[in-house]
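This report refers to the structure that appears directly beneath it.
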Amino acid sequence: MKPINLRSFAQKVSKNKVAFKKYLGKVEKKAPKNLYSTMLQINKEVWDEVDCLTCANCCKKMTPTFTNKDVTRIAAHLDMTTTEFKDKWLYYDEKDGDWMNTKQPCQFLNSKNNMCSIYEVRPADCSGFPHFTKKNPTLYLHVHQQNIQYCPATYRMVEKLIEKL
Ligand code: SF4
Ligand code: SF4
C-alpha cells in the first residue's frame with residue numbers, strides 16, 4: 001500500500017472532479033441492477049490500496065454529523081454531560097437538523113499519528129464513512145459526489161466504478 005499524497009490527490013481532483021460528479025449523477029438517474037454487488041467488490045479492492053492512516057483528510061477537512069446517541073455515548077466516555085459536550089465542540093445546523101463540529105480538523109484527531117482518540121465510541125457517521133457498502137447504494141451517490149474532493153478512497157471508488165460498469 002502506497003502512502004497517500006494529498007498534494008497530488010488535490011491535483012487529480014481539480015482535473016476530474018466535474019466529470020466524476022457528472023458520472024455519479026448519471027448512475028443515480030439510471031442505476032444498474034448490479035450496483036450493490038459492484039460496490040461490494042470495489043470496497044474490497046479500494047481498501048487493499050488505500051491506507052487511511054496516511055491520510056485522515058476526512059477528519060481534517062470535513063465534519064461528521066453527531067446523532068443524539070453519538071453525543072450521549074461520547075460524552076459519557078469523556079465523563080462530560082451532553083450539554084457540556086455540545087457547548088464545547090458542536091453547533092446545531094438548523095437546515096439539516098444535525099449536530100456538527102465547530103472546528104476542523106476534528107478535535108478528536110491525533111495529528112501526530114492520524115488516529116482517532118475516541119475510536120471505539122466515534123460517531124456512527126465516522127465508522128460508516130465513506131459509505132461504500134450501503135444496501136441501497138443509489139441513495140449515497142450524491143454523498144459520494146460531495147466526498148470526491150476530500151476522500152482519496154472515494155475518488156478511487158469512482159475510478160473503479162467507471163472501469164467496471
Ligand atoms: S471523531 Fe474521530 S473519526 Fe470522526 S472525524 Fe473526529 S477524529 Fe475523525
Ligand atoms: S476515508 Fe477517505 S478521507 Fe478519510 S482517511 Fe480514508 S481515504 Fe482519507
| note | For residue 114, the lone unmet condition from (1) more than 16 Å from ligand 2 (Cβ to nearest atom); (2) at positive phi is (1)
| query | Just wondering, is there one or more residues in region 89-102 that are assigned to a helix (DSSP H, G or I) and at pLDDT 95 or above? | reply | yes
| message | Would you confirm, using the coordinates I've provided, whether residue 60 is part of a helix (DSSP H, G or I) and in the same structural domain as residue 137 (by TED's automatic domain parsing)? | response | no
| Which residue pairs have Cβ atoms closer than 9 Å, lie 6 or more positions apart in sequence or on different chains, and pair a first residue in region 84-101 that is over 12 Å from residue 70 (Cα atoms) with a second residue that is assigned to a helix (DSSP H, G or I) and of a type in the set (Phe, Trp, Tyr)? | 101/89
| query | Looking at 63, 81, 102, 54, which one is surrounded by 17 or more Cβ atoms within 10 Å (Cβ to Cβ), hydroxyl-bearing (Ser, Thr, Tyr) and at negative phi? | reply | 63
| task | Taking the options 88, 69, 30, 112, name whichever one is within 30 Å of residue 165 (Cβ to Cβ) and not hydrophobic (A, V, I, L, M, F, W, C). | result | 30
| What's the number of the condition residue 71 fails, among (1) within 16 Å of ligand 2 (Cβ to nearest atom); (2) assigned to a helix (DSSP H, G or I)? | (1)
| query | Within region 42-57, can you find the residues that are not in a loop (DSSP other than H, G, I, E, B) and not aromatic (Phe, Trp, Tyr)? | reply | 42, 43, 44, 45, 46, 48, 49, 52, 53, 54, 57
| query | Within region 144-158, can one find any residue that is in the same structural domain as residue 15 (by TED's automatic domain parsing), modelled with pLDDT of 95 or more and surrounded by fewer than 15 Cβ atoms within 10 Å (Cβ to Cβ)? | reply | yes
| message | Can you tell me which residue is nearest to ligand 1 (Cβ to nearest atom) among those in region 117-137 that are of a type outside the set (D, E, K, R) and not in a loop (DSSP other than H, G, I, E, B)? | response | 126
| request: Identify all residues within region 63-76 that are in contact with a helix residue (DSSP H, G or I) (Cβ under 8 Å, 6 or more places away or on another chain) and within 11 Å of ligand 1 (Cβ to nearest atom); write none if there are none. | output: 64, 65, 66, 70, 74
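The values are calculated or read from the model by the stated rules, or taken from the named source; none is laboratory data. All figures in this text were calculated on a predicted structure; none of them were measured in a lab. We place every Cβ from the backbone using ideal geometry, glycine too, and count neighbours over all the protein chains shown.
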